[in-house]
1. If we scan the range 183-196, do we find a residue that is within 15 Å of ligand 1 (Cβ to nearest atom) and either aliphatic (A, V, I, L, M) or in a helix (DSSP H, G or I) (or both)?
2. Which one is farthest from ligand 1 (Cβ to nearest atom), of the residues in the range 155-173 that are in contact (Cβ under 8 Å) with a residue 60 or more places away in the chain and touching a Leu at 6+ places or on another chain (Cβ under 6 Å)?
3. Which condition breaks for PHE210 when tested against (1) aromatic (Phe, Trp, Tyr); (2) under 13 Å from the mean Cα position of the chain (by Cα); (3) crowded, with 21+ Cβ neighbours inside 10 Å?
4. Can you find, within the range 24-75, the residue that is nearest to ligand 1 (Cβ to nearest atom) among those that are touching a residue at least 60 places away in the same chain (Cβ under 8 Å), surrounded by 24 or more Cβ atoms within 10 Å (Cβ to Cβ) and under 21 Å from GLU126 (Cβ atoms)?
5. If you go through the range 135-145 one residue at a time, do you hit one that is in a helix (DSSP H, G or I), touching a strand residue (DSSP E or B) at 6+ places or on another chain (Cβ under 6 Å) and small (Gly, Ala, Ser)?
6. If I ask for residues that are surrounded by 21 or more Cβ atoms within 10 Å (Cβ to Cβ), away from ligand 2 (no atom under 16 Å from the Cβ) and either outside any strand (DSSP E or B) or modelled with pLDDT under 95 (or both), which ones from the range 1-23 would you list?
7. Against the conditions (1) over 23 Å from LEU21 (Cα atoms); (2) part of a loop (DSSP other than H, G, I, E, B); (3) away from ligand 1 (no atom under 16 Å from the Cβ); (4) under 19 Å from the mean Cα position of the chain (by Cα), where does ARG220 fall short? Just the number, please.
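The values are calculated or read from the model by the stated rules, or taken from the named source; none is laboratory data. Just so you know, these numbers come straight off a predicted model, no measurement behind them. Cβ placement follows ideal geometry from the backbone for every residue including glycine, while neighbour counts extend to all protein chains displayed.
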Amino acid sequence: MSAVLFDTHAHLHFQEFAADLAGVLERARDAGVRFMLTIGTDVADSRAALALAEAHPGLYAAVGIHPHDAADADDAALEELERLAAASPKVVAVGEIGLDFYRNLSPRETQKRVFRRQLAMARRLEKPALIHCREAHAETLEILQEEGIGEIGGIMHCFSGDAAIARRCLDLGLLISLAGPVTYPNARKLPEVVRLTPADRLVVETDCPFLPPQPYRGKRNEPAYLPITAARVAELKGQPLEELGPLMAENALSLLRIAEQ
Ligand SMILES: [Zn+2]
Ligand SMILES: [Zn+2]
């Protein structure tokens, strides 16, 4: 029997899944992935995420403007996002939001301003934030601290920092989410990050269609591959997957205030 898992970061409403979504969801459930969070990256995409979540049990949505698209986040866009988030109990988080200084698709100062505005939105909505951070850890942590993330709550998605950054995230009250890269032979700092993070602060994700775990590298990722990532995390924690999987799911259900079991 497979362990109950929660995929805390997926993009199931993306075009990549349009042709075979029913099969993708069926394989996810067969693999024990009972809960999934599909994440918006701009206003139209957030609307698509919510529509998909409304149509499927066990599927939830997050609405947000990705740092890549921060330049398009005008007042109207942010107001529409807040309206969407308030309109449905299926929206359980604000995200993904944050800073991406690797690709710099929007100017850095714009990314910072839009990140702060969406953290303020999460606070008003009383929903946790899903944080995207690439090559911008110092600036991301500074903003999270200043905006009071401890009271908002959140997940550092696809964690890519080192042990010191993980400790700072934990001090700020965040959960740490591991994705496919923890299974890569060159995962470098991630094994140490997993070992130092208490089990009640860990969650896992696919970030599908991106970042498949080791055996599927180069292919499209999907939630059915989540057990591979979860098994590696369990191995690093020295805990059986049958124990840690449901505990990590419980961590996510509790943060996202999902009552359904
Ligand atoms: Zn991301
Ligand atoms: Zn994502």
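1. no
2. Taking the candidates together, the pick is ILE155.
3. That leaves (3) as the condition not met.
4. The residue in question is ILE39.
5. Scanning the range 135-145, I find no residue that is in a helix (DSSP H, G or I), touching a strand residue (DSSP E or B) at 6+ places or on another chain (Cβ under 6 Å) and small (Gly, Ala, Ser), so the answer is no.
6. Matches in the range 1-23: ALA3 only.
7. For ARG220, the exception is condition (1).
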